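Have a look at the structure that comes next, please.
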Amino acid sequence: MKSSPLTRAIRLATLAAVAAPASVFAGGFSLNEQSASAMGVANAGAVANPENATTVLFNPAGMSQLKGTNISFGAAVLDIKAEAKSASATNTLGGPVNGGTGGDIADPAFLPNFYLTHEINDSIDVGFGFHAPYGLAADYDDDFAGRYFADKTELTVISFSPAISVNNGKGLSMGLGLNIMYAEGKLTKFQDYSGIYGRWQQGYAQIESGLQGTGMTPADLGLAAPSAFEEGYADIEGNDIAVNFRVGFLYELSDRTQFGLTAQTGTEFELKGDAEISGLPQTADYNLGAFGTQTLPTGAQAAASEAVRVPLAIPESITVGARHQLNDTVTLLAGASYSRWSRFEELDIISREGGTGAVSSVTGNEVITHITEKWKNTWQFNVGSIWQVTPEWALKAGYAWDESPVDNYLTARIPSSDRHWLTLGGQWKSVDNGWTVDAAVGTLLFTDDPKVDEYSYLHAAPDQKDPNAGASNYKGEYELSAWSASLQVSKAF
(Lines give C-alpha, C1' and ligand atoms only; values in the text may rest on other atoms or scores of the structure.)
Protein backbone atom coordinates (compact mmCIF):
# COMPACT_ATOMS: atom_id res chain seq x y z
CA MET A 1 0.00 0.00 0.00
CA LYS A 2 1.34 3.41 -0.91
CA SER A 3 1.98 5.75 2.02
CA SER A 4 1.35 9.23 0.67
CA PRO A 5 2.12 12.51 2.46
CA LEU A 6 -1.62 12.80 3.12
CA THR A 7 -1.72 9.34 4.76
CA ARG A 8 1.27 10.17 6.96
CA ALA A 9 -0.27 13.51 7.89
CA ILE A 10 -3.50 11.81 8.98
CA ARG A 11 -1.57 9.34 11.13
CA LEU A 12 0.41 12.12 12.78
CA ALA A 13 -2.72 14.17 13.40
CA THR A 14 -4.36 11.12 15.00
CA LEU A 15 -1.32 10.68 17.24
CA ALA A 16 -1.56 14.31 18.35
CA ALA A 17 -5.24 13.82 19.13
CA VAL A 18 -4.71 10.88 21.51
CA ALA A 19 -1.37 11.88 23.02
CA ALA A 20 -2.25 14.27 25.81
CA PRO A 21 -3.16 12.73 29.16
CA ALA A 22 -0.67 14.46 31.44
CA SER A 23 0.83 13.44 34.75
CA VAL A 24 -1.22 11.90 37.53
CA PHE A 25 0.59 13.79 40.27
CA ALA A 26 0.03 17.08 42.06
CA GLY A 27 3.13 18.47 43.73
CA GLY A 28 4.64 15.03 44.04
CA PHE A 29 2.19 12.36 45.01
CA SER A 30 3.46 11.52 48.51
CA LEU A 31 0.86 11.91 51.26
CA ASN A 32 1.90 13.45 54.59
CA GLU A 33 -1.20 12.38 56.53
CA GLN A 34 -0.12 8.94 57.80
CA SER A 35 -0.36 9.44 61.57
CA ALA A 36 -2.24 11.92 63.77
CA SER A 37 0.51 11.80 66.43
CA ALA A 38 3.16 12.82 63.87
CA MET A 39 0.87 15.19 61.97
CA GLY A 40 0.40 17.29 65.13
CA VAL A 41 4.05 18.37 64.78
CA ALA A 42 4.03 18.45 60.93
CA ASN A 43 5.99 15.14 60.93
CA ALA A 44 8.95 16.94 62.52
CA GLY A 45 11.51 14.53 63.93
CA ALA A 46 9.20 11.56 63.28
CA VAL A 47 12.22 9.35 62.51
CA ALA A 48 13.65 10.15 65.95
CA ASN A 49 10.46 10.10 68.04
CA PRO A 50 8.89 6.61 68.24
CA GLU A 51 5.79 7.51 70.27
CA ASN A 52 3.74 4.51 69.12
CA ALA A 53 3.41 1.79 66.48
CA THR A 54 3.42 4.32 63.60
CA THR A 55 7.22 4.19 63.83
CA VAL A 56 6.88 1.15 61.53
CA LEU A 57 6.39 3.69 58.74
CA PHE A 58 8.62 6.57 59.80
CA ASN A 59 11.60 4.61 61.11
CA PRO A 60 11.42 0.85 61.77
CA ALA A 61 14.44 1.15 64.08
CA GLY A 62 12.15 2.98 66.51
CA MET A 63 10.33 -0.27 67.32
CA SER A 64 13.23 -1.11 69.60
CA GLN A 65 12.06 1.57 72.06
CA LEU A 66 8.51 0.18 72.35
CA LYS A 67 7.77 -2.42 74.99
CA GLY A 68 5.45 -5.39 74.56
CA THR A 69 2.81 -5.22 71.83
CA ASN A 70 1.63 -1.89 70.41
CA ILE A 71 -1.16 -0.97 68.01
CA SER A 72 -2.10 2.32 66.38
CA PHE A 73 -5.00 2.87 64.03
CA GLY A 74 -6.86 5.84 62.64
CA ALA A 75 -7.71 7.85 59.59
CA ALA A 76 -7.19 11.25 58.01
CA VAL A 77 -9.35 13.44 55.80
CA LEU A 78 -7.58 15.58 53.19
CA ASP A 79 -9.47 18.23 51.24
CA ILE A 80 -7.67 20.20 48.54
CA LYS A 81 -9.37 23.07 46.73
CA ALA A 82 -7.89 23.52 43.27
CA GLU A 83 -9.81 25.72 40.87
CA ALA A 84 -8.77 27.67 37.81
CA LYS A 85 -9.38 31.40 38.06
CA SER A 86 -9.00 31.64 34.29
CA ALA A 87 -8.86 29.04 31.54
CA SER A 88 -8.50 29.25 27.77
CA ALA A 89 -7.46 26.77 25.09
CA THR A 90 -6.96 26.37 21.36
CA ASN A 91 -7.43 23.22 19.32
CA THR A 92 -4.99 21.71 16.83
CA LEU A 93 -6.12 24.11 14.10
CA GLY A 94 -5.73 27.14 16.36
CA GLY A 95 -9.43 27.67 16.91
CA PRO A 96 -10.74 28.54 20.38
CA VAL A 97 -12.11 25.73 22.55
CA ASN A 98 -15.36 26.77 24.17
CA GLY A 99 -15.70 25.98 27.85
CA GLY A 100 -15.38 27.05 31.46
CA THR A 101 -12.76 26.90 34.20
CA GLY A 102 -13.59 23.31 35.23
CA GLY A 103 -14.83 23.95 38.79
CA ASP A 104 -13.18 22.65 41.97
CA ILE A 105 -11.32 19.60 40.69
CA ALA A 106 -10.45 17.90 44.00
CA ASP A 107 -12.85 16.00 46.28
CA PRO A 108 -12.07 15.13 49.92
CA ALA A 109 -9.98 11.97 50.39
CA PHE A 110 -10.25 9.48 53.27
CA LEU A 111 -6.92 7.89 54.29
CA PRO A 112 -7.07 4.98 56.82
CA ASN A 113 -4.05 3.44 58.53
CA PHE A 114 -3.17 0.60 60.92
CA TYR A 115 0.17 -0.30 62.56
CA LEU A 116 1.30 -3.05 64.96
CA THR A 117 4.60 -3.85 66.67
CA HIS A 118 5.65 -6.74 68.89
CA GLU A 119 8.72 -7.19 71.07
CA ILE A 120 10.25 -10.62 70.42
CA ASN A 121 12.98 -10.16 73.04
CA ASP A 122 15.22 -7.40 74.39
CA SER A 123 17.05 -7.14 71.05
CA ILE A 124 14.48 -7.85 68.31
CA ASP A 125 11.12 -6.27 67.46
CA VAL A 126 8.81 -6.89 64.51
CA GLY A 127 5.83 -5.03 63.10
CA PHE A 128 3.74 -4.18 60.08
CA GLY A 129 1.47 -1.45 58.80
CA PHE A 130 -1.31 -0.74 56.30
CA HIS A 131 -1.43 2.79 54.92
CA ALA A 132 -1.88 4.93 51.80
CA PRO A 133 1.55 6.40 50.96
CA TYR A 134 0.59 7.97 47.62
CA GLY A 135 -2.59 9.15 45.96
CA LEU A 136 -4.50 11.78 44.04
CA ALA A 137 -8.03 12.38 42.80
CA ALA A 138 -9.05 15.22 40.49
CA ASP A 139 -12.01 15.72 38.17
CA TYR A 140 -12.82 18.66 35.90
CA ASP A 141 -16.31 19.58 34.74
CA ASP A 142 -17.13 18.13 31.31
CA ASP A 143 -17.23 21.60 29.71
CA PHE A 144 -13.72 22.50 30.91
CA ALA A 145 -11.87 24.58 28.30
CA GLY A 146 -8.75 22.44 28.73
CA ARG A 147 -10.62 19.13 28.42
CA TYR A 148 -8.35 18.03 25.54
CA PHE A 149 -5.48 18.02 28.09
CA ALA A 150 -7.16 16.74 31.27
CA ASP A 151 -10.44 15.45 32.64
CA LYS A 152 -10.24 12.83 35.43
CA THR A 153 -7.08 11.84 37.28
CA GLU A 154 -7.08 9.11 39.90
CA LEU A 155 -4.21 7.39 41.70
CA THR A 156 -4.71 5.05 44.66
CA VAL A 157 -1.80 3.26 46.35
CA ILE A 158 -2.17 0.93 49.34
CA SER A 159 0.93 -0.42 51.08
CA PHE A 160 1.49 -3.43 53.35
CA SER A 161 4.71 -2.80 55.26
CA PRO A 162 6.34 -5.53 57.39
CA ALA A 163 9.41 -4.46 59.39
CA ILE A 164 12.05 -5.70 61.83
CA SER A 165 14.44 -3.92 64.17
CA VAL A 166 17.47 -4.90 66.23
CA ASN A 167 19.34 -2.99 68.92
CA ASN A 168 22.74 -3.38 70.58
CA GLY A 169 21.54 -2.49 74.05
CA LYS A 170 23.77 0.60 74.06
CA GLY A 171 21.46 3.13 72.43
CA LEU A 172 21.87 2.19 68.76
CA SER A 173 19.09 0.50 66.78
CA MET A 174 18.70 -0.49 63.15
CA GLY A 175 15.50 -1.35 61.32
CA LEU A 176 14.50 -2.68 57.93
CA GLY A 177 11.08 -2.29 56.33
CA LEU A 178 9.50 -3.61 53.15
CA ASN A 179 6.72 -1.73 51.32
CA ILE A 180 4.55 -3.99 49.17
CA MET A 181 2.39 -1.52 47.25
CA TYR A 182 -0.66 -2.03 45.08
CA ALA A 183 -1.54 0.86 42.75
CA GLU A 184 -4.50 1.68 40.54
CA GLY A 185 -4.46 4.59 38.12
CA LYS A 186 -6.96 6.24 35.81
CA LEU A 187 -6.50 9.04 33.25
CA THR A 188 -9.23 10.46 31.06
CA LYS A 189 -9.58 13.37 28.68
CA PHE A 190 -11.67 14.45 25.73
CA GLN A 191 -10.32 13.96 22.21
CA ASP A 192 -9.61 16.78 19.78
CA TYR A 193 -10.05 15.53 16.19
CA SER A 194 -9.92 18.96 14.55
CA GLY A 195 -6.42 18.26 13.22
CA ILE A 196 -7.57 15.11 11.44
CA TYR A 197 -10.48 17.02 9.93
CA GLY A 198 -8.10 19.76 8.75
CA ARG A 199 -5.78 17.21 7.13
CA TRP A 200 -8.76 15.55 5.48
CA GLN A 201 -9.89 18.88 4.05
CA GLN A 202 -6.43 19.56 2.64
CA GLY A 203 -6.14 16.12 1.07
CA TYR A 204 -9.64 16.25 -0.40
CA ALA A 205 -8.90 19.66 -1.89
CA GLN A 206 -5.68 18.35 -3.45
CA ILE A 207 -7.45 15.39 -5.06
CA GLU A 208 -10.33 17.60 -6.20
CA SER A 209 -7.82 19.97 -7.82
CA GLY A 210 -6.01 17.07 -9.49
CA LEU A 211 -9.27 15.88 -11.07
CA GLN A 212 -10.05 19.20 -12.71
CA GLY A 213 -10.49 18.80 -16.43
CA THR A 214 -11.14 15.09 -16.16
CA GLY A 215 -14.89 15.41 -15.65
CA MET A 216 -14.58 13.42 -12.44
CA THR A 217 -15.14 14.36 -8.79
CA PRO A 218 -13.77 12.74 -5.61
CA ALA A 219 -17.18 11.13 -5.15
CA ASP A 220 -16.61 9.17 -8.37
CA LEU A 221 -13.57 7.65 -6.63
CA GLY A 222 -15.64 6.71 -3.59
CA LEU A 223 -14.33 9.55 -1.40
CA ALA A 224 -16.69 11.20 1.07
CA ALA A 225 -16.62 14.97 1.41
CA PRO A 226 -14.90 16.12 4.63
CA SER A 227 -17.14 16.71 7.62
CA ALA A 228 -16.15 17.74 11.15
CA PHE A 229 -15.67 14.92 13.66
CA GLU A 230 -17.39 14.87 17.02
CA GLU A 231 -14.94 15.03 19.92
CA GLY A 232 -14.08 11.67 21.41
CA TYR A 233 -13.02 10.47 24.85
CA ALA A 234 -9.94 8.64 26.12
CA ASP A 235 -10.07 6.44 29.22
CA ILE A 236 -6.82 4.79 30.31
CA GLU A 237 -6.73 2.52 33.39
CA GLY A 238 -4.09 0.23 34.84
CA ASN A 239 -2.77 -1.41 38.01
CA ASP A 240 0.40 -3.03 39.31
CA ILE A 241 2.30 -4.17 42.40
CA ALA A 242 5.72 -2.72 43.26
CA VAL A 243 8.14 -3.16 46.16
CA ASN A 244 10.68 -0.88 47.78
CA PHE A 245 12.78 -0.99 50.96
CA ARG A 246 13.34 1.30 53.92
CA VAL A 247 16.34 1.12 56.25
CA GLY A 248 16.46 3.13 59.46
CA PHE A 249 18.84 3.99 62.29
CA LEU A 250 18.09 5.45 65.72
CA TYR A 251 20.76 6.64 68.14
CA GLU A 252 20.04 7.65 71.73
CA LEU A 253 22.69 10.22 72.63
CA SER A 254 21.27 10.77 76.13
CA ASP A 255 18.06 10.42 78.08
CA ARG A 256 16.89 13.70 76.53
CA THR A 257 18.34 13.65 73.00
CA GLN A 258 18.26 11.18 70.12
CA PHE A 259 18.73 11.21 66.35
CA GLY A 260 17.16 9.18 63.55
CA LEU A 261 17.82 8.52 59.88
CA THR A 262 15.90 6.57 57.25
CA ALA A 263 16.56 5.92 53.59
CA GLN A 264 14.06 4.51 51.11
CA THR A 265 14.89 2.93 47.77
CA GLY A 266 13.19 3.95 44.57
CA THR A 267 11.03 1.67 42.47
CA GLU A 268 8.72 1.79 39.49
CA PHE A 269 5.15 0.75 38.90
CA GLU A 270 4.35 -0.73 35.51
CA LEU A 271 0.64 0.01 35.45
CA LYS A 272 -0.91 -2.43 32.98
CA GLY A 273 -4.42 -2.06 31.64
CA ASP A 274 -6.35 -0.81 28.63
CA ALA A 275 -6.74 2.38 26.66
CA GLU A 276 -10.34 2.90 25.56
CA ILE A 277 -10.78 5.57 22.88
CA SER A 278 -14.28 6.58 21.75
CA GLY A 279 -15.11 8.30 18.47
CA LEU A 280 -11.79 7.42 16.83
CA PRO A 281 -11.95 8.47 13.13
CA GLN A 282 -12.04 5.44 10.85
CA THR A 283 -9.98 5.03 7.71
CA ALA A 284 -10.12 2.83 4.62
CA ASP A 285 -7.89 2.04 1.65
CA TYR A 286 -8.99 3.80 -1.52
CA ASN A 287 -7.79 3.00 -5.05
CA LEU A 288 -7.51 6.51 -6.48
CA GLY A 289 -6.17 5.60 -9.90
CA ALA A 290 -3.40 8.02 -10.74
CA PHE A 291 -3.23 9.02 -7.07
CA GLY A 292 -2.44 5.45 -6.08
CA THR A 293 -3.90 3.49 -3.17
CA GLN A 294 -4.15 5.65 -0.07
CA THR A 295 -5.51 5.32 3.45
CA LEU A 296 -8.03 8.07 4.09
CA PRO A 297 -10.81 8.90 6.59
CA THR A 298 -14.25 7.54 5.78
CA GLY A 299 -16.07 10.08 7.93
CA ALA A 300 -17.18 7.37 10.36
CA GLN A 301 -16.12 7.18 14.01
CA ALA A 302 -15.90 4.13 16.27
CA ALA A 303 -14.52 2.97 19.60
CA ALA A 304 -11.07 1.39 19.87
CA SER A 305 -9.32 -0.51 22.64
CA GLU A 306 -5.71 -1.50 23.18
CA ALA A 307 -3.65 -3.09 25.93
CA VAL A 308 -1.18 -0.55 27.32
CA ARG A 309 1.34 -0.03 30.09
CA VAL A 310 2.30 3.12 31.99
CA PRO A 311 5.70 3.21 33.75
CA LEU A 312 5.45 5.27 36.96
CA ALA A 313 8.54 6.15 39.00
CA ILE A 314 8.71 6.26 42.81
CA PRO A 315 11.72 8.28 44.02
CA GLU A 316 14.49 7.43 46.42
CA SER A 317 14.40 9.50 49.60
CA ILE A 318 16.36 10.11 52.78
CA THR A 319 15.08 11.62 56.03
CA VAL A 320 16.93 12.81 59.13
CA GLY A 321 15.45 13.95 62.41
CA ALA A 322 16.19 14.89 65.99
CA ARG A 323 14.29 14.94 69.26
CA HIS A 324 15.43 16.91 72.31
CA GLN A 325 13.57 17.08 75.60
CA LEU A 326 14.19 20.65 76.69
CA ASN A 327 12.77 20.09 80.18
CA ASP A 328 10.20 17.90 81.90
CA THR A 329 7.30 19.42 79.91
CA VAL A 330 8.66 20.64 76.55
CA THR A 331 10.10 18.52 73.72
CA LEU A 332 11.58 20.02 70.53
CA LEU A 333 11.59 18.20 67.18
CA ALA A 334 13.21 18.89 63.82
CA GLY A 335 13.77 17.04 60.56
CA ALA A 336 14.48 17.22 56.85
CA SER A 337 13.70 14.98 53.87
CA TYR A 338 15.25 14.87 50.42
CA SER A 339 13.45 13.13 47.53
CA ARG A 340 14.98 12.34 44.14
CA TRP A 341 11.99 13.25 41.98
CA SER A 342 14.30 14.04 39.04
CA ARG A 343 14.12 10.36 38.03
CA PHE A 344 10.57 11.10 36.87
CA GLU A 345 11.40 12.60 33.47
CA GLU A 346 8.40 11.59 31.38
CA LEU A 347 5.06 9.84 31.45
CA ASP A 348 4.48 7.49 28.53
CA ILE A 349 1.49 5.36 27.64
CA ILE A 350 2.96 2.47 25.67
CA SER A 351 1.24 -0.19 23.57
CA ARG A 352 1.51 -3.75 24.87
CA GLU A 353 0.55 -5.00 21.40
CA GLY A 354 3.79 -4.01 19.71
CA GLY A 355 2.31 -1.04 17.92
CA THR A 356 -0.18 -3.22 16.03
CA GLY A 357 -3.22 -2.53 18.22
CA ALA A 358 -6.40 -0.69 17.31
CA VAL A 359 -4.97 2.65 18.50
CA SER A 360 -1.21 2.36 17.93
CA SER A 361 -1.67 1.03 14.39
CA VAL A 362 -3.63 4.18 13.53
CA THR A 363 -1.15 6.51 15.17
CA GLY A 364 1.76 4.58 13.66
CA ASN A 365 3.64 4.75 16.97
CA GLU A 366 4.12 2.22 19.78
CA VAL A 367 4.36 5.08 22.30
CA ILE A 368 0.74 6.21 22.11
CA THR A 369 1.29 9.10 24.51
CA HIS A 370 4.34 11.05 25.63
CA ILE A 371 4.26 13.75 28.31
CA THR A 372 7.43 15.61 29.25
CA GLU A 373 7.69 15.94 33.06
CA LYS A 374 11.33 16.61 34.07
CA TRP A 375 10.56 17.01 37.76
CA LYS A 376 13.22 18.31 40.14
CA ASN A 377 14.58 16.94 43.41
CA THR A 378 12.91 18.40 46.50
CA TRP A 379 13.44 19.20 50.17
CA GLN A 380 10.98 19.20 53.04
CA PHE A 381 12.01 20.85 56.33
CA ASN A 382 10.02 20.37 59.56
CA VAL A 383 10.06 21.80 63.07
CA GLY A 384 7.68 21.08 65.92
CA SER A 385 7.17 20.98 69.66
CA ILE A 386 5.23 19.02 72.28
CA TRP A 387 4.03 20.61 75.53
CA GLN A 388 3.10 18.07 78.20
CA VAL A 389 0.51 20.15 80.02
CA THR A 390 -0.47 17.40 82.49
CA PRO A 391 0.39 13.69 82.76
CA GLU A 392 -2.73 13.00 80.65
CA TRP A 393 -2.77 15.91 78.21
CA ALA A 394 -0.22 17.17 75.65
CA LEU A 395 -0.46 19.91 73.04
CA LYS A 396 1.46 19.87 69.76
CA ALA A 397 2.34 22.34 67.00
CA GLY A 398 4.38 22.04 63.82
CA TYR A 399 5.53 23.75 60.65
CA ALA A 400 6.94 22.34 57.40
CA TRP A 401 8.29 23.90 54.24
CA ASP A 402 7.44 21.59 51.34
CA GLU A 403 8.87 22.04 47.84
CA SER A 404 6.93 21.02 44.74
CA PRO A 405 8.85 18.81 42.28
CA VAL A 406 6.99 20.25 39.30
CA ASP A 407 9.31 22.64 37.53
CA ASN A 408 9.05 23.97 33.97
CA TYR A 409 6.40 21.60 32.60
CA LEU A 410 3.31 22.52 34.60
CA THR A 411 0.13 20.89 33.27
CA ALA A 412 -3.61 20.94 33.87
CA ARG A 413 -3.25 17.75 35.91
CA ILE A 414 -0.51 19.23 38.13
CA PRO A 415 -1.55 22.72 39.29
CA SER A 416 0.99 22.83 42.12
CA SER A 417 3.48 25.11 43.84
CA ASP A 418 5.68 25.19 46.93
CA ARG A 419 3.75 25.41 50.19
CA HIS A 420 3.83 25.95 53.94
CA TRP A 421 2.24 23.29 56.17
CA LEU A 422 0.93 24.45 59.56
CA THR A 423 -0.43 21.91 62.06
CA LEU A 424 -1.87 21.73 65.57
CA GLY A 425 -2.46 18.59 67.61
CA GLY A 426 -3.60 17.30 70.93
CA GLN A 427 -2.98 14.04 72.77
CA TRP A 428 -4.81 12.39 75.66
CA LYS A 429 -3.26 9.40 77.40
CA SER A 430 -4.82 7.33 80.13
CA VAL A 431 -2.39 6.95 82.99
CA ASP A 432 -4.24 3.82 84.15
CA ASN A 433 -4.60 1.64 81.04
CA GLY A 434 -2.28 3.14 78.38
CA TRP A 435 -4.92 4.00 75.79
CA THR A 436 -3.88 7.11 73.84
CA VAL A 437 -5.92 9.31 71.51
CA ASP A 438 -4.30 11.79 69.11
CA ALA A 439 -6.08 14.41 67.01
CA ALA A 440 -4.53 16.87 64.59
CA VAL A 441 -5.54 19.51 62.05
CA GLY A 442 -3.45 21.16 59.37
CA THR A 443 -3.58 23.63 56.54
CA LEU A 444 -1.48 24.11 53.40
CA LEU A 445 -0.61 27.65 52.34
CA PHE A 446 0.61 27.69 48.73
CA THR A 447 3.22 30.29 47.84
CA ASP A 448 2.00 30.97 44.28
CA ASP A 449 -1.04 30.74 42.06
CA PRO A 450 0.27 28.22 39.50
CA LYS A 451 0.14 29.33 35.88
CA VAL A 452 -0.26 26.54 33.32
CA ASP A 453 0.88 26.99 29.71
CA GLU A 454 0.65 23.45 28.35
CA TYR A 455 1.73 22.02 24.99
CA SER A 456 2.49 18.56 23.61
CA TYR A 457 6.15 17.58 23.23
CA LEU A 458 8.05 15.01 21.18
CA HIS A 459 9.01 11.69 22.72
CA ALA A 460 12.34 11.65 20.87
CA ALA A 461 13.08 15.28 21.78
CA PRO A 462 11.27 16.04 25.07
CA ASP A 463 12.11 19.76 25.00
CA GLN A 464 10.67 20.31 21.52
CA LYS A 465 7.00 21.00 20.89
CA ASP A 466 5.28 18.37 18.78
CA PRO A 467 4.53 19.98 15.38
CA ASN A 468 1.82 17.39 14.75
CA ALA A 469 -0.17 18.80 17.67
CA GLY A 470 -0.48 22.02 15.70
CA ALA A 471 -1.64 25.01 17.74
CA SER A 472 -3.07 22.91 20.58
CA ASN A 473 -2.49 24.72 23.86
CA TYR A 474 -4.05 25.27 27.30
CA LYS A 475 -3.52 28.28 29.56
CA GLY A 476 -4.87 28.60 33.08
CA GLU A 477 -4.14 30.21 36.44
CA TYR A 478 -5.12 28.30 39.58
CA GLU A 479 -6.06 29.12 43.14
CA LEU A 480 -5.02 26.42 45.64
CA SER A 481 -5.76 25.75 49.29
CA ALA A 482 -6.04 22.65 51.47
CA TRP A 483 -6.84 21.45 54.96
CA SER A 484 -6.60 18.10 56.69
CA ALA A 485 -7.70 16.44 59.92
CA SER A 486 -6.59 13.19 61.50
CA LEU A 487 -7.59 10.97 64.43
CA GLN A 488 -5.60 8.10 65.89
CA VAL A 489 -5.97 5.60 68.72
CA SER A 490 -2.95 3.80 70.19
CA LYS A 491 -2.50 1.16 72.86
CA ALA A 492 0.44 -0.61 74.48
CA PHE A 493 -0.15 -4.11 75.85
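In this model, which of LYS81/LYS272; LYS374/LYS451; LYS186/LYS451; LYS85/LYS186; LYS152/LYS465; LYS396/LYS429 are farther than 21 Å apart at the alpha-carbon?
LYS81/LYS272; LYS186/LYS451; LYS85/LYS186; LYS152/LYS465
With just the Cα atoms of the range 176-253, tell me how far they stretch along each of the three principal axes, in Å, largest first.
Largest to smallest, the principal-axis extents are 95, 20, 17 Å.
With the convex hull built on the Cα atoms of the range 151-306, state its orientation-averaged projected area in nm².
Answer in nm², one decimal: 14.4.
Once phi is turned into ³J(HN,Hα) by the Karplus curve 6.51 cos²θ - 1.76 cosθ + 1.60 with θ = phi - 60°, what whole-Hz value does each residue of the range 395-411 show in order, with x for glycine and proline?
Residue by residue, the range 395-411 yields 10, 10, 8, x, 9, 9, 9, 10, 7, 8, x, 5, 10, 8, 10, 6, 10 Hz.
Sum -39500 (n - 2.57) across every DSSP H segment of at least 4 residues in the chain, then divide by the residue count to get the 222 nm mean residue ellipticity, nearest 500. Kindly include the intermediate steps, with their values, before the conclusion.
On the way: 5 runs with 43 residues, N = 493.
Only helices count here, giving -2500 deg cm²/dmol.
Over the range 155-223, what is the relative contact order in percent, taking alpha-carbon pairs closer than 8 angstrom and at least six residues apart?
With pairs under 8 Å counted, the relative contact order is 25 percent.
Taking all protein chains as present, what is the carbon and sulfur share of the accessible area of the chain, in % to the nearest whole number, probe 1.4 Å?
So the carbon and sulfur contribution to the accessible surface is 55 percent.
Sorted by average packing, counted as other Cβ atoms within 10 angstrom per residue and highest first, what order do 314-324, 432-442, 280-290 take? Don't jump to the answer; show the numbers that get you there.
Numbers: 314-324: 20.9, 432-442: 17.5, 280-290: 15.8.
Highest to lowest by the protection proxy: 314-324, 432-442, 280-290.
To continue, here is another question. Considering only DSSP beta bridges whose two residues both sit in the range 105-174, what percent are antiparallel, to the nearest 5?
Given both bridge residues lie in the range 105-174, the antiparallel proportion sits at roughly 100 percent.
For the range 45-89, count all C-alpha to C-alpha pairs, find those more than 15 Å apart, and express that count as a whole percent of the total.
Here the long-distance tail beyond 15 Å is 58 percent of all Cα pairs in the range 45-89.
Let me know the volume per residue of the alpha-carbon convex hull for the range 264-369, in Å³.
About 150 Å³ per residue, rounded to a whole number.
Tell me, Kirkwood radius of the chain from alpha-carbon pair distances, in Å? Walk me through the numbers before you get to the answer.
Details: mean 1/r = 0.0404 Å⁻¹.
For the chain, inverting the mean 1/r across all distinct Cα pairs yields 24.8 Å.
Can I ask one more? In straight Cα distance, which aspartates and glutamates are under 15 Å from LYS170, not counting same-chain residues fewer than 8 positions off?
ASP122, GLU252, ASP255
Quick one: compute the contact order of the chain, relative version, from alpha carbon pairs under 8 angstrom and 6+ residues apart, as a percent.
Once divided by the residue count of the chain, the mean separation gives 21 percent.
Okay, moving on. Quick one: compute a quarter of the convex hull surface over the Cα atoms of the range 57-194 and quote it in nm².
10.9
To continue, here is another question. Just the accessible area per residue of the chain, please: how many Å² with a 1.4 Å probe?
With all protein chains present, the chain gives 41 Å² per residue.
Within the range 56-86, which trypsin sites (Lys or Arg not before Pro) sit in a loop by DSSP and count at most 12 neighbouring Cβ atoms inside 10 Å? Numbers along the way, then the final one.
Details: sites: LYS67, LYS81, LYS85; in loops: LYS67.
Filter output for the range 56-86: LYS67.
Further question on the same structure: Using only alpha carbon pairs under 8 Å that are at least six residues apart, calculate the relative contact order of the range 343-398 and give it in whole percent.
30
How large is ³J(HN,Hα) for each residue in the range 335-345, as worked out from phi by the Karplus curve 6.51 cos²θ - 1.76 cosθ + 1.60 (θ = phi - 60°), to whole Hz, x for Gly and Pro?
x, 8, 10, 10, 10, 8, 6, 5, 6, 8, 9
Find how much the distance from TYR251 to SER227 grows on full extension, using 0.36 nm per residue of separation minus their present alpha carbon separation; answer in nm with one decimal.
Stretched out fully, the TYR251 to SER227 stretch lengthens by 1.4 nm.
The values are calculated or read from the model by the stated rules, or taken from the named source; none is laboratory data. Here the structure is a predicted model, which means the values were calculated and not measured. Neighbour counts run over all protein chains shown; Cβ positions are idealised from the backbone, glycine included. Just so you know, the surface numbers come from the protein's heavy atoms only, side chains and all, with ligands and any DNA or RNA stripped out. Shrake-Rupley method; radii C 1.70, N 1.55, O 1.52, S 1.80 Å.
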